[in-house]
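First the structure, which I've put down as structure tokens, then a few questions once you've had a look.
The values are calculated or read from the model by the stated rules, or taken from the named source; none is laboratory data. Note that the structure is predicted; figures quoted are calculated from it, not measured. So basically every Cβ, Gly included, is an ideal-geometry build from the backbone, and we count neighbours across all protein chains shown. With ligands, DNA and RNA removed, areas are computed over all heavy atoms of the protein, side chains included. Shrake-Rupley method; radii C 1.70, N 1.55, O 1.52, S 1.80 Å.
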Amino acid sequence: MLLVFGSINVDIAFETDRLPQAGQTVLGGTYRVSPGGKGANQAHAAQRDGMKTTFIGALGTDSMAAQASTLLEQAGVDLNWLQHLPGQTGCAGIVVDSNGENQIVVAPGANQSLRAAHVPDSVLAGADALLLQMETEPLENAALAERAKQHGCLVVLNNAPAQPLQPELMRVVDVLIMNQHELAVTANALEIKDGDATDQLQLLAERFSLTSVLTLGERGVVACKPNASPVTLPASHVQVVDTTGAGDTFAGVFTAALVKGSTLEDALARGVVAAGLSCSQHGAQIAQPLRDETDLALAAYRR
Ligand code: RIB
């Protein structure tokens, strides 16, 4: 079982030709309201890829709460420990331009009140892996990662949105996933300044005995392990409509594949292909592929 601990939001997404500059109003097209949040998106991606997934996050007590969890429920994610805490449900305002690029602002609401203590030991005992992101309190992530490690879980951290990570947290992380901006923030906070992105990934891997993964969007993915050559894979070819949640799809599907025993290279390929598919439609969870769809696209990717 994969345990995902993290954020859950309602996304309000607007389509426009171009993203607004500071002080600018742009007229858009339609807007859509759908479930999101990095944690929930990752759990949804993993479950749709066939992994038995438990999600622990926090909804508010407002009218948005029900909508935030609808797709998780439909997909069959275990929500037995989903919290309902006083206050607003997290909400993200998203603008997507005609190239599929986006800008996102999040009002975290109840996500800020999610605590490691909301995860019982019995759940950790049944988990093969714990997947975390940084849209909830970093100290709670660190506390839960420590406990998960004691239970023998694989600990996977997606440092999104980017935060400086404490060395104490890095020591219990087995796999660290970042995009370019997130790598820059991570490396800078740990005073890793020399070399290019791959050098920095390799240094992170060696210093903290972990697997470091850099997602590069249309340029694919690179991963480093201690004392091994970097693994580099291209992106899959898709017509990009909306990149919202592509990183979450990668993190969920890649981690699910690792839990199922895939090699690093196979897990990366599966994550890249699923993330590509998720860019071919609008929205975060609603755009995530089912296992069979990823299987088909993966076969074409390997040809
Ligand atoms: O990564 C995409 C997600 O970021 C959106 O679903 C939004 O809710 C924000 O958390």
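Restricting to DSSP loop positions (anything but H, G, I, E, B) with no more than 13 other Cβ atoms inside 10 Å of their own Cβ, which GluC sites (Glu not before Pro) remain in the range 159-209? Intermediate values should be presented prior to the final figure.
Details: sites: Glu168, Glu182, Glu191, Glu206; in loops: Glu191.
Here the sparse-neighbourhood loop sites are Glu191.
If you don't mind, another one. Give me the distance in nm between label points sitting 7 Å out from Cα along the Cα-to-Cβ direction at Val33 and Gln239, one decimal.
3.0
Then there is this: Ignoring ligands, DNA and RNA, what percent of the accessible area of the chain is carbon or sulfur (1.4 Å)? Don't jump to the answer; show the numbers that get you there.
Values: 6510 of 13000 Å².
Carbon and sulfur: 50 percent of the exposed surface of the chain.
Rg (Å, one decimal) plus Dmax (Å, integer) for the alpha carbons of the range 257-297?
Rg, Dmax (Cα atoms, Å): 10.6, 31.
Once the other residues with Cβ under 11 Å from the Cβ of His282 are scored (Lys, Arg +1; Asp, Glu -1), what is the net sum? Display every interim value, and only then the final one.
On the way: positive: Arg32; negative: Asp11, Glu15, Asp242.
Overall, the nearby charge balance is -2.
Would you mind working out the accessible area per residue for the range 26-162, using a 1.4 Å probe, and quoting it in Å²? List each step's numbers first, then the result.
Numbers: 5550 Å² over 137 residues.
The answer is 40 Å² per residue.
List the pairs from Lys225/Lys260; Lys52/Lys225; Lys38/Lys193 whose alpha-carbon separation is above 25 Å, in the order I gave them.
On the way: Lys225/Lys260 19 Å; Lys52/Lys225 27 Å; Lys38/Lys193 28 Å.
The answer is Lys52/Lys225; Lys38/Lys193.
Right, here's the next one. With unit charges on the beta carbon (Lys/Arg positive, Asp/Glu negative), name the residue among Pro161, Ala142, Ala205 whose Cα is farthest towards the positive pole of the charge dipole of the range 139-216.
So the residue we want is Ala142.
Using only the alpha-carbon atoms, what does the chain span along each of its principal axes? Please give whole angstrom values in decreasing order.
51, 42, 41
Would you mind counting up the charge near Ala142? Only other residues with Cβ under 14 Å from its Cβ, with Lys and Arg at +1 and Asp and Glu at -1. Can you show the working numbers first?
Working: positive: Arg115, Arg147, Lys149, Arg171; negative: Glu137, Glu140, Glu146, Glu168.
Residues near Ala142 contribute 0 overall.
Please report Rg over Rh for the range 1-61, where both radii come from the alpha carbon positions and Rh follows the Kirkwood definition.
1.15
Give me the orientation-averaged projected area of the Cα convex hull of the range 94-161, in nm², one decimal.
Numbers: hull surface 22.3 nm².
Its average projected convex-hull area is 5.6 nm².
FRET efficiency for His151 and Thr263, Cβ-Cβ distance as r, R0 = 30 Å, nearest 0.05? Could you put the intermediate results ahead of the total?
Numbers: r = 24 Å, r/R0 = 0.81.
Taking R0 as 30 Å, the efficiency between His151 and Thr263 is 0.80.
Which whole-Hz ³J(HN,Hα) couplings does the range 232-245 yield from phi under the Karplus relation 6.51 cos²θ - 1.76 cosθ + 1.60, θ = phi - 60°, glycine and proline marked x?
10, 10, x, 6, 8, 8, 9, 7, 6, 10, 7, 8, 4, x
Which percent of the Cα-Cα distances in the range 222-262 go past 15 Å?
Details: 512 of 820 pairs.
Percentage above 15 Å: 62.
Of all beta bridges DSSP finds with both residues in the chain, what is the antiparallel percent, to the nearest 5? Present the calculation step by step, with values, prior to reporting the outcome.
Values: 20 of 50 bridges.
If I count the DSSP bridges inside the chain, around 40 percent turn out antiparallel.
Please list log₁₀ I(q)/I(0) at q = 0.24, 0.26 Å⁻¹ for the range 217-285, using the Debye equation with identical point scatterers on the alpha-carbon positions.
Values returned for q = 0.24, 0.26 Å⁻¹ are -1.01, -1.12.
Another question, then. For the chain, what does the relative contact order come out to in percent, with C-alpha contacts under 8 Å and a separation of six or more?
Worked out over the chain, it gives 18 percent.
Compute the length gained on full extension between Glu101 and Lys52: take 0.36 nm times their separation in residues and subtract their Cα-Cα distance, giving the result in nm to one decimal.
Working: separation 49, 0.36 × 49 = 17.64 nm, distance 3.11 nm.
Contour length minus the Cα-Cα distance gives 14.5 nm.
Further question: Around Gly252, under 15 Å between beta carbons, what's the net of Lys plus Arg minus Asp minus Glu among the other residues? The partial results should precede the final answer.
Details: positive: Lys38, Arg48, Lys52, Lys260, Arg270, Arg291; negative: Asp49, Asp78, Asp128, Glu135, Asp248, Glu293.
Within the 15 Å Cβ shell, the charges total 0.
In addition: What are the extents of the Cα atoms of the range 131-283 along their three principal axes, listed from largest to smallest and rounded to whole Å?
41, 32, 28
Let me ask something else. Note down the Stokes-Einstein diffusion coefficient of the range 1-142 in µm²/s, whole number, using a Kirkwood radius over alpha carbon pairs, 20 °C, and 1.002 mPa s. Show your work: numbers first, answer last.
Working: Rh = 15.7 Å.
The estimated diffusion coefficient comes to 137 µm²/s.
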